[in-house]
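Let me begin by presenting the structure, written as structure tokens, before commenting on it.
The values are calculated or read from the model by the stated rules, or taken from the named source; none is laboratory data. Just so it is clear, the model here is predicted, and its values are computed rather than measured. All Cβ positions, glycine included, derive from the backbone under ideal geometry; neighbour counts span all protein chains shown. Only protein heavy atoms, including side chains, enter the accessible area calculation; ligands, DNA and RNA are left aside. Shrake-Rupley method; radii C 1.70, N 1.55, O 1.52, S 1.80 Å.
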Amino acid sequence: MQKALGTETKQSLASRGFGNAYLLLALTMLFWAGNSVVARGTYEIVPPMALAWLRWTLAALLILPLAWPHLKRDAATIRAHWPILLLLGSLGTGTFVSLYYFGLSKTSAINGLIINSTVPILIPIAAFAIYREKLSRSQAAGIALSFVGVIAIFAKGDAAILAKLELTDGDLWVLAAMLIWAVYTSLLREQPRMHWLSFGAVSFAVASIINFPLFLTEHFIFEKQIQPTIGALLAIGYVATLPSLVSQIFYIRGVELIGGNRAGIFLHLVPLFGTVLAMIFLGETLHPYHLAGFSLILAGVWIGSRPERSLKIRLP
């Protein structure tokens, strides 16, 4: 009797938790923030391309049992739309993560996380470039302000660095990753109608395939091998589960409960959580230029997301 009550209580708690969008989305952002910290903290024992390849390979294997019934039902759709699925998987999961992990091996986790905040502003730029969607005045103002924030981070608060064009390679790789993600997000409108588990399984598999030659190049040509340590195993296990499979389930459920616009606001928790984690686990320091750059990026995102009629800034 007590065992049955205990089981019912656990099921009730799980059901309530899965119905709480705010909890699910907050956990998703925490897991995504942890992904950046783990990638930065372990790049010497798990090189970036190895981490990217193992992440998607293991994630594909983990999602396959859940996705299999849907994959069978969506088989015809997958065959008919394989070019766009290949492109989306190559960009959104494959190339994005590879560039991001590589960038994090050359810059701080805090820098990477704050540059991550430019995505909401980069998306309308990508949509303009691909679909010729016009930018509103508020979006243009937001883009300009966020760009100043990114430059502040690149320059580390020192104008002399910009004058000498001494930008950090890692920061540029991270920014390139954000541009790829913005393009991917814009192209998602081309995604065929199929179950999200099918889409996830296909995306993970594509990412695994395209990252495999990068992993081999890193391993054999650049001679950067995975170190057989407990830390390496924990890092691989973490990125393959919580920021990948679990976060995808939680994020999709959160969007289902409260909508995409409200869910998108939670993305700003990623640099907040990540900065705290980087300070605790990596011993990184939060500098004034981080706060200044992040404030400008957030202000730009806020301005860029406002309806045109509510914009108070006078523009020519």
Item to check | Answer from Thr77, Thr118, Thr107 - the residue that is within 12 Å of the chain's Cα centre (by Cα) and either of a type in the set (Ser, Thr, Tyr) or closer than 19 Å to Val206 by Cα (or both) | outcome: Thr118
Next on the checklist: As an exercise: evaluate Glu284 against (1) crowded, with 16+ Cβ neighbours inside 10 Å; (2) in a helix (DSSP H, G or I); (3) at pLDDT 85 or above and give the number of the one condition it does not meet.
Outcome noted: (2)
Checklist entry - Which condition breaks for Leu51 when tested against (1) of a type outside the set (Gly, Ala, Ser); (2) touching a Leu at 6+ places or on another chain (Cβ under 7 Å); (3) modelled with pLDDT of 95 or more? => result (2)
Next on the checklist: Just to be sure I understand the filter: pairs with C-beta atoms under 9 Å, separated by 6 or more residues or on different chains, first member in region 79-99 and under 22 Å from Ala33 (Cα atoms), second member of a type in the set (Phe, Trp, Tyr) and open to solvent by 30 Å² or more (accessible area, probe 1.4 Å). Which pairs pass?
Outcome noted: Leu91/Trp181; Gly92/Trp181; Phe96/Trp181; Ser98/Trp53; Leu99/Trp173
Checklist entry - Does any residue in region 66-78 that is among the small types (Gly, Ala, Ser) come within less than 8 Å, Cβ to Cβ, of a residue that is surrounded by 13 or more Cβ atoms within 10 Å (Cβ to Cβ) and not in a loop (DSSP other than H, G, I, E, B) six or more places away or on a different chain, and which pairs are these? => result Ala67/Leu197; Ala67/Ser198; Ala67/Gly200; Ala67/Ala201
Next on the checklist: Among the listed residues Leu104, Leu99, Leu85, identify the single one that is surrounded by 21 or more Cβ atoms within 10 Å (Cβ to Cβ) and within 20 Å of Phe147 (Cβ to Cβ).
Outcome noted: Leu99
Item to check | Count - residues of region 94-111 that are in a helix (DSSP H, G or I) and either in contact with an Asp or Glu (Cβ under 8 Å, 6 or more places away or on another chain) or modelled with pLDDT under 90 (or both) | outcome: 4
Checklist entry - From the residues in region 238-260 that are open to solvent by less than 30 Å² (accessible area, probe 1.4 Å) and either without any contact (Cβ under 8 Å) to a residue 24 or more places away in the chain or of a type in the set (S, T, N, Q) (or both), which one is farthest from Val97 (Cα to Cα)? => result Gly259
